[in-house]
1. Need the full-extension length gain, B:Ser119 to B:Ser25, defined as separation in residues times 0.36 nm minus the C-alpha distance. One decimal, nm.
2. Ordered by residue, what ³J(HN,Hα) values in Hz, to whole numbers, does segment A:77-83 give under the Karplus form 6.51 cos²θ - 1.76 cosθ + 1.60, where θ = phi - 60° and Gly and Pro are x?
3. So which residues of segment A:63-110 lose at least 20 Å² of accessible area, probe 1.4 Å, when you go from the chain by itself to every protein chain present?
4. Sort chain B into rounded, prolate or oblate with this rule: let a ≥ b ≥ c be the square roots of the eigenvalues of the Cα gyration tensor; rounded if a/c is under 1.5, and if a/c is not under 1.5, prolate when a/b is larger than b/c, oblate otherwise.
5. Label-point separation (nm) for B:Ile58 and A:Arg63, each offset 7 Å from Cα along Cα-to-Cβ?
6. Give me the net charge for the shell around A:His41: Cβ to Cβ below 12 angstrom, other residues only, Lys and Arg +1, Asp and Glu -1.
7. Students often get this wrong, so check it: of A:Lys44/B:Lys76; A:Lys44/A:Lys106; A:Lys47/A:Lys106, which have C-alpha atoms separated by over 20 Å?
8. What range in chain B is the longest one free of GluC sites (Glu not before Pro) that are in a loop by DSSP and have at most 14 other Cβ atoms within 10 angstrom?
Amino acid sequence: QSALTQPASVSGSPGQSITISCTGTSSDVGGYNYVSWYQQHPGKAPKLMIYEVSYRPSGVSNRFSGSKSGNTASLTISGLQAEDEADYYCSSYTSSSTRVFGTGTKVTVL
Amino acid sequence: EVQLVESGGGLVQPGGSLRLSCAASGFTFNTYSMNWVRQAPGKGLEWVSYISTSSSTIYYADSVKGRFTISRDNAKNSLYLQMNSLRDEDTAVYYCARDNREGTLPDYWGQGTLVTVSS
């Protein structure tokens, strides 16, 4: 199972919006509405930000939103804040009933 | 509050073995499937293994198949990963991660335990 493809880095100024893409195949991202997004600050454990493509867990800011089209899922962060600077990973359930993660994207707030 | 606490990491020589443990609390452990996920230094997340609530269904990543064994003890609210024939490329922080209610993807993660394979 190959890792899902994400851009290595994305940057934006405070207050701007950015979007991170996550491209897979019809055997994972395209085949299920089971895509999650995780935020990871340096030295910390990943934190769930979006589940089932577009749902936010309780306590996650509504500045974070998710969507999917075909084999590509996307995470949008609006009103970018300094605290959003972190690594972001997508993940998908697969046709083999396993899980696959994305390559990761480093978000920099300029 | 959901808590997952990993232990058992350390330095081990190539070819050696190590057993990781994950102590769960704050939720009904025997109703959630569980995973191990690892992260090599400076690298991304890699899913390692999955175990269902009753241990009846188990999956492994190809990179660890035949060398690692996942197990759980619902009476002790604990998850385990027995790692044998360790290689340099197994060096990573190993996270214990609880699946969501649907059993499809992780929702809560532990803080991780570092495994270093080196001579």
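1. Working it through step by step, the gained length comes to 30.3 nm.
2. With the stated coefficients, segment A:77-83 comes to 10, 9, x, 3, 10, 4, 6 Hz.
3. Buried on complex formation: A:Tyr89, A:Tyr93, A:Ser97, A:Thr98, A:Arg99, A:Phe101.
4. prolate
5. Distance between label points: 4.4 nm.
6. That sum, taken over residues with Cβ under 12 Å, equals -1.
7. In this structure, A:Lys44/B:Lys76 lie more than 20 Å apart at Cα.
8. B:2-101
The values are calculated or read from the model by the stated rules, or taken from the named source; none is laboratory data. On a predicted model such as this, the values are computed, not experimentally measured, just so you know. Note: ideal-geometry Cβ built from the backbone for every residue, glycine included; neighbour counts use all protein chains shown. Areas reflect the complete protein model, heavy atoms only, side chains present, ligands, DNA and RNA absent. Shrake-Rupley method; radii C 1.70, N 1.55, O 1.52, S 1.80 Å.
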